[in-house]
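The values are calculated or read from the model by the stated rules, or taken from the named source; none is laboratory data. It should be emphasised that the depicted structure is a prediction, and the values quoted were computed from it without experimental measurement. Heads up, the Cβs are rebuilt from the backbone with ideal geometry, glycines too, and the neighbour counts pull from every protein chain shown.
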Amino acid sequence: MSRGRVPLRHSLVTRLLVTSVLIAIAATAATAWLAASTATRAIRQEQGRSLTEDKGVYDMLVGYAATHADWSGAPALIRARSAKLGRRITLMTADRVVIADSGPGPSLVAARPSATVDPLNLDLALTGGTERIDERAVGPFRLPAGERAELRKIAEDQLSCVRRIGSDGRINELPNGRPALTVNGPDKVTAACATKMPALTRAEAKPLGKLGALVTRCAGPPPGYELGVWPDFSTYVQKVDPADLKDPEVAPALSPRELFDLGNKRATARIRGCVEKSRRAVLQPYVAPPALLFVTDPDTGSDQTRFTLSRQNTIRIVTTTGGVLLATILITVLVGRRLIRPLRALTDAADRQTPARVSTQDEIGRLARALNDSAERRDRAEAQRRAMVSDVAHELRTPLTNIRSWLEAAQDDLAPTDGQLLELLHEEAVLLQHIIDDLSDLSAADAGTLRIHPEPTYVRDVLVQAVDSQRAPAHAAGVGLAMEVDGDPVVSADPVRLRQMVGNLVSNGIRYTPRGGSVTVGAQGSTITVRDTGVGIAAENLPKVFDRFWRADESRSRATGGSGLGLAIVRKLADAHGGTVEVDSTPGSGTTFTIRLP
């Protein structure tokens, strides 16, 4: 199993972090959008309301200024409108002298006016129109009551005619009092009911004549022509001829554009500008002077938009916030279920004692592999335990059975209790003690309590002692023993345990070497080798040679095959010294064991 760190891209921490960041970003973005959207909508609503209020106040005061020569009657209008809107309304001159104020409040000397009230120069942003002069400013152009009645009678006769024909219409009165008939039908109906409507009345002739003279001086038509103005302030051209001036209706049908095309090619826009300029000059004495309008908050004196959280906005915020919260919970639950699904699979696999499925490369995947490895080691250890118990029982049964048999035979007087019987019992007891000692060493090694006492040790001395202790068994087996030591090496090792390792390897070599063969013990530096010319070990069995109670030849008995624990003890002792033991073998040629000490 790999013990390296999980790559960052596969880490469960990274996935959790990315998920948390995404959820936080989504929640933050939704909240920011909600706040911005709600604030924007509320501000737009407030701006619309404020603009409507300002426009209403502006229109009211422009209407008053267009029909009055001063502001003397404005305070009453301002107070009434202020009470209705809940706003402070103030009128000031261009020099910031208060004309009218709806109530006390902060000084507005340095404040920005909401608009300038001037019926002769309208604020097109508030009116939404294109005319700079308010149509209610008529001054001397307003018809007297008598002429209005006469023109009204003519218009009503025309409407009656239209209705008799089967059509309909309506009469609208212009600001100057002149009626205008609008017919809901084809032009032929209007022509059939056309009644002589004077283009100019006596009352209109004088002020419009004065206005025409001003326009003529301003526009400068070619010599011999002058401009006239109709009641709707459109212009016409006529020659300078007293006979024609007595009856303006017979003026030549020459438009201003045609006039200037014949003359100096000036644009008709100049004529419109002259009409507007001349109207201001004529109307100036009849309208109130320009005034600065302030529509402000009574407490702060500010005209800025006020943000208020309405019930509708509150419901919208609560609804959207609830939706964001619900979506966040749902995403978190889904992601959490996805993350804990492998953990549940691991739990189920552990409960059923089956291998866990490894499907990811993160910490959970590593945990699954670790659990699988642990389960494999557990199963292997369990199998080894069972095999060991069986082998121990088998190994102990033989000497114990022999001892019991000889003792029972002696009790029944079937075997003499002489020195030969005692020798046999002693041999069996020694064999039993040897097995118990080996098992004790292995148990201590497994428990981590096997103690060694390293010290500077001459390898040659240890090898001599080990070889000398095995000369008798080697002689009995017809196997030669030899030593090949390079110099006099010294290692840091426990001399007793080192002699035990070498003795076990030499004993094992003698046991598996046929008569006439040899076992050679060698040393070079910190490396010790035990080489025999025995039967060898098959390649597939090499990984098993250090297993407990394993024998290459299963038919060998305890007497001929040893306890099966010697090589296992060699490996444990080598590990305890911080070294290694390796085996290399060729079937039929022999085996070499190599001990490498640090």
Is it true that Leu61 is assigned to a helix (DSSP H, G or I) and modelled with pLDDT of 75 or more? yes
All conditions in (1) of a type in the set (D, E, K, R); (2) at pLDDT below 50; (3) touching a strand residue (DSSP E or B) at 6+ places or on another chain (Cβ under 8 Å) are true of Lys239 except (2)
For Glu226, work out the one condition from (1) in contact with a strand residue (DSSP E or B) (Cβ under 7 Å, 6 or more places away or on another chain); (2) farther than 26 Å from Arg136 by Cβ; (3) modelled with pLDDT of 85 or more it doesn't fulfil. (3)
The number of residues in segment 435-459 that are modelled with pLDDT of 80 or more, among the hydroxyl-bearing types (Ser, Thr, Tyr) and either in a helix (DSSP H, G or I) or touching a helix residue (DSSP H, G or I) at 6+ places or on another chain (Cβ under 7 Å) (or both) is 1
Taking first residues from segment 481-510 that are at positive phi and second residues anywhere that are of a type outside the set (A, V, I, L, M, F, W, C) and at pLDDT below 90, the pairs with Cβ under 6 Å that are 6 or more apart or on different chains are none
Unmet requirement for Ala100, which otherwise passes all of (1) outside any strand (DSSP E or B); (2) touching a Ser or Thr at 6+ places or on another chain (Cβ under 9 Å): (1)
Mind counting the residues in segment 510-527 that are in a loop (DSSP other than H, G, I, E, B) and either over 18 Å from His577 (Cβ atoms) or of a type in the set (D, E, K, R) (or both)? 6
For segment 267-282, state whether one or more residues are under 30 Å from Lys206 (Cα atoms), at pLDDT below 80 and either hydrophobic (A, V, I, L, M, F, W, C) or touching a strand residue (DSSP E or B) at 6+ places or on another chain (Cβ under 8 Å) (or both). yes
Looking at Ile99, Ile133 in this structure, which one is modelled with pLDDT of 90 or more and within 22 Å of Gly273 (Cα to Cα)? Ile133
Residue selected from segment 10-19 under the condition polar (S, T, N, Q) and over 8 Å from the mean Cα position of the chain (by Cα), by the criterion modelled with the lowest pLDDT: Ser11
Against the definition (surrounded by 14 or more Cβ atoms within 10 Å (Cβ to Cβ) and at pLDDT below 75), how does Thr305 come out, yes or no? yes
Across segment 56-104, what is the number of residues that are β-branched (Val, Ile, Thr), within 58 Å of the chain's Cα centre (by Cα) and surrounded by fewer than 18 Cβ atoms within 10 Å (Cβ to Cβ)? 2
Cβ-Cβ under 8 Å pairs, at least 6 apart or on other chains, segment 453-472 side under 12 Å from Val496 (Cβ atoms), far side part of a loop (DSSP other than H, G, I, E, B): His453/Asp494; Pro454/Asp494; Pro454/His577; Glu455/Asp494; Thr457/Asp494
Of all residues in segment 411-434, which are in contact with a Pro (Cβ under 8 Å, 6 or more places away or on another chain) and surrounded by 15 or more Cβ atoms within 10 Å (Cβ to Cβ)? Glu428, Leu431, Leu432
Do you know which residues across segment 323-344 are modelled with pLDDT under 75 and among the small types (Gly, Ala, Ser)? Gly336
Given Val117, Val162, which one is touching a residue at least 24 places away in the same chain (Cβ under 8 Å) and either under 60 Å from the mean Cα position of the chain (by Cα) or in the same structural domain as Trp71 (by TED's automatic domain parsing) (or both)? Val117
If we keep only residues of segment 524-538 that are of a type in the set (A, V, I, L, M) and surrounded by fewer than 19 Cβ atoms within 10 Å (Cβ to Cβ), then the residue nearest to Arg499 (Cα to Cα) is Val535
For segment 477-509, what are the residues that are outside any strand (DSSP E or B), among the hydrophobic types (A, V, I, L, M, F, W, C) and surrounded by fewer than 23 Cβ atoms within 10 Å (Cβ to Cβ)? Ala477, Val496
What pairs come out if I take residues in segment 351-364 that are more than 13 Å from Ala375 (Cβ to Cβ) and pair them with residues that are modelled with pLDDT under 70 and not in a helix (DSSP H, G or I) whose C-beta lies under 6 Å away, six or more apart or interchain? Asp362/Val6; Asp362/Ser11; Glu363/Val6
Lone unmet requirement of (1) out of contact with any strand residue (DSSP E or B) (no Cβ under 6 Å at 6 or more places or on another chain); (2) of a type in the set (A, V, I, L, M); (3) surrounded by 14 or more Cβ atoms within 10 Å (Cβ to Cβ) for Val521: (1)
